[in-house]
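Here's the structure, in C-alpha cells; my notes come after.
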Amino acid sequence: MVDVNKLIKDAQTAQSTGNDTLALDYFQQALSQYPNEASLLIACGNLCMKLNHFAQAVTHFRNLLAVNKSPEVVNALCYALQAHGNQSANEGRDNIAEASFTEALQYHPKHAIFWYNLGNAQRNLGKLEAAVASFKQSIESDPNDADVYNNLGNVQRELGQLDLAIANYEKAIALDDKMHYSLAHLIHQKQHICDWRGEGKDNLEQQILTLREIVRTTPNAAIAPFAFLAMPSTTAAEQKLCANHYIAQNYQQLNALRDKLAFTYQLQSKPKLKIGYLSADFRLHPLAFLITDLIESHDRTQFERYAYSYGADDKTDTRKRLVNAFDHFIDIRALNDIEAATKINQDQIDILVDLTGYTQSSRTGIAVLKPAPIQINWLGFAGTMGEFAEQAPLFDYLLADKIIAPNQADFSEKLLYL
C-alpha cells in the first residue's frame, strides 16, 4: 500500500523547491488512492493550471465539483474551461473550444466573454447562424464591447448580410476609435455594395486615407491584407507593411512553435518530385476552373501531386474531377494547423503551393509552421504574404507576372515570373 501521507509530504517538498511537475506527479499518485479527496483535487487542479495542463485541470475541477458544489469550485472549473478553450482555439482545435465554452456557460449563462469566445469557435467551425446568436447573447450581457460588434459583423458579412455587417462595424468604431480592423472591414464592405456616400471622415476616400496612415504608423492594427489590397490609392510598399503587421499580430505563437516542431526534410534524390497544393477551394469555385487542367497536365513520370483540402466537399462534378486529378487527395478539415503541417511534412512534400493566401477561409498558420522545404504563394492572393520581424518570409517564392509584381522590393517572396 502506498504511503499517501509520504506522497503528500514529498509533493509539498517538491513544490517548495519549485519543481511543480514532480509535485503534480506525487499529488496524482496520492489522488489515485483517494479519488474523491477534495484537498488533493484542489492541489492537482491548481498545479495543472500553473503548468498549462488545462484539460487535466478541467477534469480535476469537474471531479471536485461532484463533491463540493460551492461557488468557488464552480468558478475554478469555469476558469479552467476558459483557459482550455482559449488554448484549443489558439491551436486550431475549435471543436474543443466550442465544447469548453458551452460547458462554462452552463454555470454562468450571462457571461459575456464566454459567449464571445463561443461565437468565435462556432464561426471557425462554419456554424455561422449559431455564431450570430452567441455574439448577440454576448452583446446582451455587455453592450459596450467593441470587439463583439466587429466579430458579429464578420459573421454577417460571411452570411451575405452586408448592411447588417456595416452597421455593426460602425458600432464597433463608435465604441472604440482604435478598432482599426473594423474600419478596414467597413471600407471593404462599403466597396462591395458601392456605397460612396458620406461626408467628412465618413467619406470612403477619406476613410481609405485614414487607414493608409494607420498601416504606416500602427503596427498592432492587424489590418486584413486582402481588404487593404483592394483599396484604391494604397501603395505596394504599404501593402507589404500591412502583411508584415498582420502576420506579426496573428501568427507569432505559431511562428514560435515552428522552431519547437523543427521539421526536417528529405532532400535526397527521389524518383518523383512531390508537389502539395493547399486550398479551401477544391470545389465549384473559380479556383477549380483555373487549376484543374493544370493539375491534370502534370508529367506523372516526374511529379507526384498531393491536394491538402480544408474546404467543404460540395459533391459537385467539379470536386470529383479535382479529386481524380491528384495522385493523393487529403481532407485536412479535421486537423488543426499543427496536425496538418505534420501530415504534410510526413508526406515528404518537396514544394508546397498555397492557393488561398489571405482570402476567405485561409489557413495561413499551416505555412507558418514550414512543413515543406520550399513554399510558394500563388493564385489566391496576388500580393505579398509578408515576413516576420526577423526577416523570415512566410513563403519562399511568389508565382507572378510583371503586371501584379513589377518590383521585387515590394515583395517578401522571391518572384518567379510566369
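Of all residues in segment 115-125, which are in a helix (DSSP H, G or I) and under 18 Å from the mean Cα position of the chain (by Cα)?
Within segment 115-125, Y116, N117, L118, G119, N120, A121, Q122, R123, N124 meet the criteria.
Could you tell me whether segment 63-73 includes any residue that is assigned to a helix (DSSP H, G or I) and under 26 Å from the mean Cα position of the chain (by Cα)? Within segment 63-73 (the criterion being assigned to a helix (DSSP H, G or I) and under 26 Å from the mean Cα position of the chain (by Cα)), the answer is no, since none of the residues qualifies. Restricting the first member to segment 343-358 and to residues that are more than 21 Å from A288 (Cβ to Cβ) and without any contact (Cβ under 8 Å) to a residue 40 or more places away in the chain, and the second to residues that are open to solvent by less than 20 Å² (accessible area, probe 1.4 Å) and assigned to a loop (DSSP other than H, G, I, E, B), no beta-carbon pair is closer than 6 Å while six or more apart or on different chains. When you look at I338, is it outside any loop (DSSP other than H, G, I, E, B), more than 28 Å from Q156 (Cα to Cα) and touching a strand residue (DSSP E or B) at 6+ places or on another chain (Cβ under 7 Å), yes or no? Against the criterion (outside any loop (DSSP other than H, G, I, E, B), more than 28 Å from Q156 (Cα to Cα) and touching a strand residue (DSSP E or B) at 6+ places or on another chain (Cβ under 7 Å)), I338 does not qualify.
Residue by residue, here is whether (1) more than 21 Å from the chain's Cα centre (by Cα); (2) modelled with pLDDT of 90 or more; (3) surrounded by 18 or more Cβ atoms within 10 Å (Cβ to Cβ); (4) not in a helix (DSSP H, G or I) holds:
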site	(1), (2), (3), (4)
T210	yes, yes, no, no
E238	yes, yes, yes, no
A256	no, no, no, no
L267	yes, no, no, yes
D281	no, yes, yes, yes
R305	yes, yes, yes, yes
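Reported count of residues in segment 307-320, each being part of a helix (DSSP H, G or I) and surrounded by 14 or more Cβ atoms within 10 Å (Cβ to Cβ), is 2. Being over 15 Å from G276 (Cβ atoms) and free of Cβ contacts under 8 Å to residues at least 24 places away in the same chain is the requirement here; does L394 meet it? Answer is no for this residue.
Scanning segment 269-279 for residues being part of a loop (DSSP other than H, G, I, E, B) and surrounded by 14 or more Cβ atoms within 10 Å (Cβ to Cβ) gives a total of 1.
Inspection of segment 165-185 finds no residue satisfying the criterion of being over 26 Å from Q87 (Cβ atoms), in contact with a Leu (Cβ under 7 Å, 6 or more places away or on another chain) and either at pLDDT below 95 or not in a helix (DSSP H, G or I) (or both). Considering only residues in segment 27-59 that are within 28 Å of S88 (Cβ to Cβ) and among the hydroxyl-bearing types (S, T, Y), the one that is farthest from the chain's Cα centre (by Cα) turns out to be S32.
Within segment 317-328, is even one residue within 27 Å of L257 (Cβ to Cβ) and modelled with pLDDT of 95 or more?
Within segment 317-328, one or more residues are within 27 Å of L257 (Cβ to Cβ) and modelled with pLDDT of 95 or more.
Would you pick out the residues in segment 212-231 that are farther than 24 Å from T364 by Cα and not in a helix (DSSP H, G or I)? The answer is none; no residue qualifies.
Count of segment 76-108 residues, restricted to those that are of a type in the set (D, E, K, R) and at pLDDT 95 or above, is 2.
How many of the residues in segment 283-299 are small (G, A, S) and either in contact with a Leu (Cβ under 7 Å, 6 or more places away or on another chain) or open to solvent by less than 30 Å² (accessible area, probe 1.4 Å) (or both)?
Count: 1.
Would it be correct to say that G160 is touching a Phe, Trp or Tyr at 6+ places or on another chain (Cβ under 6 Å), open to solvent by less than 60 Å² (accessible area, probe 1.4 Å) and not charged (D, E, K, R)?
For G160, the condition - touching a Phe, Trp or Tyr at 6+ places or on another chain (Cβ under 6 Å), open to solvent by less than 60 Å² (accessible area, probe 1.4 Å) and not charged (D, E, K, R) - is not met.
Answer yes or no: is there a residue in segment 41-49 that is under 14 Å from A104 (Cβ atoms), open to solvent by less than 60 Å² (accessible area, probe 1.4 Å), in a helix (DSSP H, G or I) and at pLDDT 95 or above. No, every residue in segment 41-49 fails to be under 14 Å from A104 (Cβ atoms), open to solvent by less than 60 Å² (accessible area, probe 1.4 Å), in a helix (DSSP H, G or I) and at pLDDT 95 or above.
Name the single residue, out of those in segment 342-359 being in contact with a Gly (Cβ under 8 Å, 6 or more places away or on another chain) and not in a loop (DSSP other than H, G, I, E, B), that is surrounded by the fewest Cβ atoms within 10 Å (Cβ to Cβ). So that I can check it myself, show each step before the final result.
Taking segment 342-359 as the starting set, the residues that turn out to be in contact with a Gly (Cβ under 8 Å, 6 or more places away or on another chain) are 344, 347, 349, 351-359.
Next, from what is left, pick out any that are not in a loop (DSSP other than H, G, I, E, B): 344, 351-354.
On the way: I344: 26, I351: 17, L352: 27, V353: 23, D354: 26.
Only one residue tops the list, namely I351.
Here is the figure for segment 283-303: residues that are assigned to a helix (DSSP H, G or I) and among the acidic types (D, E) total 2. What are the residues in segment 360-396 that are under 22 Å from A288 (Cα atoms), over 17 Å from the mean Cα position of the chain (by Cα) and outside any loop (DSSP other than H, G, I, E, B), if any? The answer is Q375, I376, N377.
The values are calculated or read from the model by the stated rules, or taken from the named source; none is laboratory data. Keep in mind it's a predicted model, so treat the numbers as computed, not measured. Note that each Cβ is placed from the backbone with ideal geometry, even for glycine, and that neighbours are counted across all protein chains shown. Side chains included, ligands, DNA and RNA excluded: accessible areas come from the protein's heavy atoms. Shrake-Rupley method; radii C 1.70, N 1.55, O 1.52, S 1.80 Å.
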